[in-house]
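*Asks:* Encoded as structure tokens, here's the structure I'll be asking about.
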Amino acid sequence: MKRVFTLIACFFVLFASCKKDKNQAPAYYVTADVDGTSFNFTSNNLARLMKGKNGGSLATNSELSLYGATRIDQDADAISIVISEPATTIGTGTYTGGVDDSRFVSIQYLIGPFSASAPNEYVSDLSDGGMAVKITSIDNNTVQGTFRGTLYHNGSEKSITNGKFNLPINQ
């Protein structure tokens with residue numbers, strides 16, 4: 001009887017110690033430091049990849065859009081990143097800011113609450129070349145990488161550093 005009780009107690013301890021950690025980071029995320037303050041954009045996380053087409057007047061750029069919000073409500077902060085390239089697809093590598101006739105990198109940071117009468121929208125200056133997005137891994141299901149940039153709104157600016165993302169791709 002002691003052995004049965006000991007065996008049951010061991011199973012109980014084993015299963016009790018295998019609980020999921022409630023503080024575990026979510027599988028998909030966007031994180032960044034905004035003017036030195038860390039933000040976790042762990043709601044509504046997604047990426048969308050549109051593959052471009054080659055060929056004359058029908059040629060189109062490939063575009064990768066990344067998005068995350070701090071929570072799901074109108075007061076949430078949000079960040080979005082867009083890479084546009086004149087290629088049939090976007091792969092691993094570093095994409096930098098600056099704009100020409102065929103490519104750009106754009107970062108947008110929205111501070112909640114957002115309203116049409118008082119938008120708190122910081123955007124990258126496409127001409128300054130200060131943005132960079134590095135894609136370290138991309139496949140049909142996920143995209144991972146890092147980003148940084150300086151964003152502007154009505155004469156003020158915000159510095160985005162230590163940006164990281166791991167997002168599901170919705171094609």
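*Asks:* If you go through segment 145-171 one residue at a time, how many are closer than 12 Å to Thr31 by Cα, touching a Phe, Trp or Tyr at 6+ places or on another chain (Cβ under 8 Å) and open to solvent by less than 70 Å² (accessible area, probe 1.4 Å)?
*Replies:* Residues flagged as closer than 12 Å to Thr31 by Cα, touching a Phe, Trp or Tyr at 6+ places or on another chain (Cβ under 8 Å) and open to solvent by less than 70 Å² (accessible area, probe 1.4 Å) within segment 145-171 amount to 8.
*Asks:* Filter segment 87-110 for residues that are closer than 22 Å to Asn140 by Cβ and touching a Leu at 6+ places or on another chain (Cβ under 8 Å); which is modelled with the lowest pLDDT?
*Replies:* This residue is Thr89.
*Asks:* Have a look at Ile79, Ile72 and point out the one that is crowded, with 17+ Cβ neighbours inside 10 Å and among the β-branched types (Val, Ile, Thr).
*Replies:* Testing whether each residue is crowded, with 17+ Cβ neighbours inside 10 Å and among the β-branched types (Val, Ile, Thr) leaves just Ile79.
The values are calculated or read from the model by the stated rules, or taken from the named source; none is laboratory data. All values derive from a computational prediction rather than experimental measurement. For neighbour counting, all protein chains shown are included, and Cβ atoms are generated from backbone atoms with ideal geometry for every residue, glycine included. Just so you know, the surface numbers come from the protein's heavy atoms only, side chains and all, with ligands and any DNA or RNA stripped out. Shrake-Rupley method; radii C 1.70, N 1.55, O 1.52, S 1.80 Å.
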